[in-house]
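**Student:** One structure, as structure tokens, below. Some questions next.
The values are calculated or read from the model by the stated rules, or taken from the named source; none is laboratory data. Note that this is a predicted model, so its numbers are computed, not measured. As a convention, Cβ positions derive from the backbone with ideal geometry for all residues, glycine included, and neighbour counts pool all protein chains shown.
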Amino acid sequence: MDLNSILSQLGVGSKDTVYLSVTPGVGLELIQLDTSSRTVKNYAYRPLEYNESLRELADIEAFKNAVTELFAELKINIKSNVVLNLPMVLFGSKELPLLLADDAVTEALTSEVEQSYIFKRYEPVISWIDANNSQSGDMRKLFYSAVQKNTIDDIKNALTELGANLSGVEMSLTSILKALAFSGLAEEQMKENISWNLMLITQSGYSICSMIGKNIVDYYEEPLAIKSFEGDEIYNAINASAQITLMSYPANYLYVISETDMVSAELLSKRLQTDGIVNFWENNSFKKQDALPVSLEVLEETAHKISLEAIGIAVGSNVSMPVKFNFLSGSATEGASDDPNEPVHVVLGTTEFDISPNAARNVAAAAAVVLLIPAVIAFMVVPMVAKQKQTLLDDVNAKLQQTDAEIKRLQEEQNKQNDFDVNAEIKKVLGNNRSKLMAYTALGESVPKKLWVTYFVAKDDGKFDIKGDSSNVEDIYLFFRNMKDSLISTKLRLHKLEMKTESVDEAVTIDPNQPTDYEFEITNMTDAELNPPPPPDPNAQQQAQQADEQKNKGGGLLSKPLLNFGKSNN
């Protein structure tokens, strides 16, 4: 069993933390990455309706069904930690006094968020971070994001009912940035001190994220009714709207990503009038290549569905990004989550895995069990072994008592008969008993599983004869060698080894594919001892004597030759 299998059974490893992404235009995605080779190890998706206007799941029951089907398709244990990517609902920045404590910052940002039309109906969950190098005097700049609390609660409850645990929630903007970094698609743009703009096109409009390397500098979002345009009108509308905005964010690069099938990022990148190098990526049906190589487990048509959001959420902590939001923790400082259940990425040799506090407890419990197993085995086995040894000792003591009684009896008989050599008799008895005991012991320890002893005799003079059957010759030779090694001075030999058949015809027609039984005989007796002559017949001597007497009397039929038998006297 390999390390990954062991970790999986303990609740640790690649199957312990599962990554899901709610991606408009695709549905619900489940993805597993091989971070060492930067490939997609496994992937599946299910269509799932997302309400763009309300920015929430249209049907939580459909979400539950999609989760169940994805786990079953990829044969993943449903009792796993789930890290989920959700479409961005609200993102912004705000300057606040440095003296404000974290609680006060959260309260101030909540008041700001509640001005949005979405959070006038639903309570928000806010996550925020400090913008790097953005302190000015007594003020500091913060980036914040918010999602509906009821959406988080509904998803968490749905996963709990299925047996899973929601351990992290991130939003699409940060997931896309992590995917661009992990895949190398924006390698040039994310170099230190390089200014670039990320332009995201969605069904509800477009947004521009001003970046320096991996750091967000500013953010701008423009609502646009893309569905109301036809044909090339949409490209002209976006270009006209974004031209002034892009002039406000001068940069070395512009990276255009389209999230909707209504706009091609490639066509839009050719229409936009801006300075600098323009790159694009189709995160929609216009996609012509995959962001990462995929394994043979993923079908080609399925691989084209893999979104940047799914890749970014599955990257986990393998990419260090200054911007990170987790809506289960409520707030974050320098991108670090306060969620006690968030998985921690661990590298063990060539194996990488995420481990949660629950999984760590499982490992500790398993380690305790492993340490206790030898003690339990010793506690149970030692008394059994001691009992077996005591039984053997009792048998030896019983035999010694029998021998002592025999010696005493012989000594008493010697006292009655002076010509009886008691010492010689004792040696004879002990020698015979010892020889037979050794033979029985050797026989019990040497018989293989597929060998049967059908006849055994041990004589007082150290002669042995063993007969039996076996289904193969190798076991016979093994048994013969073990007996010779155990009874060194007996000079045993393999007297007979032949197939067990009823007739010659049966021996000739034996099917080589069918098992064949063999007969054998192991002995140290001579042929005469094995086949002694029959005892003399007491009547035979009397019959021979009567024949001699009849011969001497001349009364036998052929006692004399017949002369001229059948010849005439004339």
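**Student:** List pairs: first in segment 161-176 and assigned to a helix (DSSP H, G or I), second acidic (Asp, Glu), Cβ under 7 Å, 6+ apart or cross-chain?
**Tutor:** Note: pairs meeting the criteria are SER172/GLU309; SER175/GLU309; ILE176/GLU309.
**Student:** Considering only segment 304-330, state which residues are part of a helix (DSSP H, G or I) and over 14 Å from THR17 (Cβ atoms). Give the steps one after another, and end with the answer.
**Tutor:** First pass over segment 304-330, keeping only residues part of a helix (DSSP H, G or I): 308-318.
Across segment 304-330, the qualifying residues are LEU308, GLU309, ALA310, ILE311, GLY312.
**Student:** Of all strands (runs of 3 or more DSSP E) completely enclosed by segment 180-252, which ones contain at least 2 residues that are among the acidic types (Asp, Glu) and more than 30 Å from ASP34 (Cβ to Cβ)? Can you show your working first?
**Tutor:** Details: elements: 195-202, 205-212, 215-223.
The qualifying strands (runs of 3 or more DSSP E) are 215-223.
**Student:** Just one of SER258, SER172, SER167 is closer than 22 Å to ALA58 by Cα, touching a Ser or Thr at 6+ places or on another chain (Cβ under 9 Å) and among the polar types (S, T, N, Q); which is it? Steps first, please.
**Tutor:** On the way: SER258 fails: closer than 22 Å to ALA58 by Cα; SER167 fails: closer than 22 Å to ALA58 by Cα.
It is SER172.
**Student:** Being at pLDDT 90 or above, surrounded by 14 or more Cβ atoms within 10 Å (Cβ to Cβ) and either assigned to a helix (DSSP H, G or I) or more than 31 Å from the chain's Cα centre (by Cα) (or both) narrows it down to one of LEU33, LEU70, LEU54, LEU7, so name that one. Spell out the reasoning first.
**Tutor:** Numbers: LEU33 fails: either assigned to a helix (DSSP H, G or I) or more than 31 Å from the chain's Cα centre (by Cα) (or both); LEU54 fails: at pLDDT 90 or above; LEU7 fails: at pLDDT 90 or above.
None of the other options fit; the residue is LEU70.
**Student:** Applying the selection to segment 73-93, what residues are farther than 17 Å from VAL125 by Cβ and more than 34 Å from the chain's Cα centre (by Cα)?
**Tutor:** Within segment 73-93, just SER93 meets the criteria.
**Student:** Could I ask something else about it? Output yes when any residue across segment 360-381 is closer than 27 Å to ASN85 by Cα, basic (Lys, Arg) and at pLDDT 75 or above, and no when none is. Quick ask: steps written out before the conclusion?
**Tutor:** Of segment 360-381, the ones closer than 27 Å to ASN85 by Cα are 360-362.
Those left that are additionally basic (Lys, Arg): 361.
Restricting the remaining residues to those that are at pLDDT 75 or above gives none.
No, the conditions are met nowhere in segment 360-381.
**Student:** Same structure again: Please specify each residue of segment 97-121 satisfying the condition of being touching an Asp or Glu at 6+ places or on another chain (Cβ under 8 Å) and either surrounded by 14 or more Cβ atoms within 10 Å (Cβ to Cβ) or assigned to a loop (DSSP other than H, G, I, E, B) (or both). Steps first, please.
**Tutor:** Of segment 97-121, the ones touching an Asp or Glu at 6+ places or on another chain (Cβ under 8 Å) are 97-99, 120.
Matches in segment 97-121: LEU98, LEU99.
**Student:** Can I ask one more? Considering (1) modelled with pLDDT under 85; (2) closer than 30 Å to LYS436 by Cβ; (3) exposed (fewer than 13 other Cβ atoms within 10 Å of the Cβ), say which one ASN570 fails and leave the rest.
**Tutor:** Checking ASN570 against (1) modelled with pLDDT under 85; (2) closer than 30 Å to LYS436 by Cβ; (3) exposed (fewer than 13 other Cβ atoms within 10 Å of the Cβ), the one that fails is (2).
**Student:** Would a scan of segment 169-192 turn up a residue that is surrounded by fewer than 23 Cβ atoms within 10 Å (Cβ to Cβ) and either over 30 Å from SER285 (Cα atoms) or modelled with pLDDT under 90 (or both)?
**Tutor:** Within segment 169-192, one or more residues are surrounded by fewer than 23 Cβ atoms within 10 Å (Cβ to Cβ) and either over 30 Å from SER285 (Cα atoms) or modelled with pLDDT under 90 (or both).
**Student:** If you don't mind, there's one more thing I want to ask. Given the criterion touching a Lys or Arg at 6+ places or on another chain (Cβ under 6 Å) and closer than 20 Å to SER21 by Cβ, identify the matching residue among ALA72, ALA66. Full working, then the answer.
**Tutor:** Details: ALA72 fails: touching a Lys or Arg at 6+ places or on another chain (Cβ under 6 Å).
Result of the check over ALA72, ALA66: ALA66.
**Student:** Going through segment 460-480 one residue at a time, which ones are surrounded by fewer than 14 Cβ atoms within 10 Å (Cβ to Cβ) and assigned to a loop (DSSP other than H, G, I, E, B)? Steps first, please.
**Tutor:** First pass over segment 460-480, keeping only residues surrounded by fewer than 14 Cβ atoms within 10 Å (Cβ to Cβ): 460-461, 473-474.
Listed by number, the residues that qualify are ASP460, ASP461.
**Student:** In the set SER269, SER248, SER264, which member is modelled with pLDDT under 90 and out of contact with any Lys or Arg (no Cβ under 8 Å at 6 or more places or on another chain)? Give the steps one after another, and end with the answer.
**Tutor:** Values: SER269 fails: modelled with pLDDT under 90; SER264 fails: modelled with pLDDT under 90.
The conditions single out SER248.
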